[in-house]
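The values are calculated or read from the model by the stated rules, or taken from the named source; none is laboratory data. All values derive from a computational prediction rather than experimental measurement. No Cβ is skipped: glycine too gets one built from the backbone with ideal geometry, and neighbour counts run over all protein chains shown. Side chains are part of the model used for accessible areas, which takes the heavy atoms of the whole protein and leaves out ligands, DNA and RNA. Shrake-Rupley method; radii C 1.70, N 1.55, O 1.52, S 1.80 Å.
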Amino acid sequence: MISVHRGIGMTSQRTRERLIERLKAEGIRDPRVLDRIRNTPRHLFVDEALASRAYEDTALPIGHNQTISQPYIVARMTEALLEAGPLENVLEVGTGSGYQTAVLAPLVRRVYTVERIQALHELARSRFRTIGLRNIRTRHVDGGMGWPEYAPFDGIIVTAAPEGIPRALVNQLRVGGRMVLPIGDNSLQALVRVTKTEDGYDSEVLEQVAFVPMLSGVT
Ligand code: SAH
């Protein structure tokens with residue numbers, strides 16, 4: 001549901017600024033990322049009933065047993081993706097609400113985002129249109145196999161947790177490209193950054209996170 005929001009409190013600059021201060025205190029440094037969080041209307045990415053909580057640093061339910069990621073995690077993953085230099089084309093697996101996509105899109109040339117739940121895919125697509133983001137291509141598909149037509153990607157961001165590093169996604173990274181993803185079982189995962197090399201890949205653990213699991217098939 002999209003509604004152009006009438007209340008003042010939750011969209012106020014002060015409410016958003018409080019979130020930015022918190023993210024800084026938690027260690028987010030990249031000014032481009034902080035700026036994107038400041039200027040992305042997160043209240044439009046949650047149900048109207050939850051809009052008053054949209055600028056809290058917390059994950060919130062978006063239906064279908066899924067959640068919109070916590071702003072800190074969105075900031076951290078975006079920062080980790082961009083850290084080593086600019087990116088042209090980025091694949092996102094797990095569009096969900098579209099919030100992570102919307103934060104990232106203005107910082108790269110194009111985002112290709114895939115979602116396995118049709119209702120979420122359609123809602124996210126209409127949000128991108130509403131807020132005027134034009135460099136996002138969306139698809140309703142199981143993202144475990146990536147999006148081969150547009151590979152190789154400079155960056156891949158995965159917002160649902162597979163149990164191991166998906167080989168198909170590593171194969172769609174260009175050499176030097178990087179992928180940020182949670183790895184592990186249901187309760188607790190490691191946020192990992194994978195960098196593709198000539199003969200394989202390097203990986204580093206960034207921190208512990210809790211994401212919904214990556215599932216296969218579409219619905
Ligand atoms: N970044 C999103 C997070 C959404 S939660 C946001 O900020 O809103 C993760 C999403 O990944 C869910 O919508 C879930 O349906 C989706 N997902 C899980 N497994 C998937 C797969 N194999 N392919 C595509 N999407 C998947």
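Per residue, the chain exposes 46 Å² of accessible surface when a 1.4 Å probe is rolled over the protein heavy atoms with every protein chain present. If we count every other residue with Cβ under 11 angstrom of T40's Cβ, Lys/Arg +1 and Asp/Glu -1, where does the sum land? Overall, the nearby charge balance is +4.
Other residues with beta-carbon under 14 Å from the beta-carbon of R116 carry, at +1 per Lys or Arg and -1 per Asp or Glu, a net charge of -3.
Seen from all directions on average, the chain presents a Cα convex hull projection of 10.9 nm². Where in the chain lies the longest segment free of trypsin sites (Lys or Arg not before Pro) that are both loop residues by DSSP (not H, G, I, E, B) and have at most 16 other Cβ atoms within 10 Å? Within the chain, the longest run free of exposed trypsin sites (Lys or Arg not before Pro) spans 135-219. Neighbours of V212 by Cβ distance under 15 Å: Lys/Arg scored +1, Asp/Glu scored -1, total -4. Of the DSSP beta bridges with both residues in segment 131-202, give the percent that are antiparallel, rounding to the nearest 5. Restricted to segment 131-202, the bridges split so that about 70 percent are antiparallel. Taking the accessible area of segment 60-209, probe 1.4 Å, and keeping the other protein chains in place, the carbon and sulfur fraction comes to 46%.
Taken over segment 93-155, the percentage of Cα pairs per 5 Å bin, counting from 0 up to the bin with the maximum distance, is 4, 19, 32, 25, 16, 3. Please state the relative contact order of the chain as a whole percent: Cα pairs under 8 Å, 6+ residues apart? Relative contact order for the chain comes out at 15 percent. The DSSP beta bridges internal to segment 60-209 are antiparallel in roughly 50% of cases.
Kirkwood radius and radius of gyration were both taken over the C-alpha atoms of segment 42-164, and their ratio Rg/Rh is 0.93. From helices alone, the chain scores -7500 deg cm²/dmol at 222 nm; the rule is -39500 (n - 2.57) for each run of n ≥ 4 DSSP H residues, then divide by the residue total. Among the GluC sites (Glu not before Pro) found in segment 130-215, those both in a DSSP coil and sparsely packed, with 12 or fewer other Cβ atoms within 10 Å of their Cβ, are E163, E198.
Centre-to-centre separation between the Cα atoms of segment 15-68 and those of segment 121-136: 18 Å.
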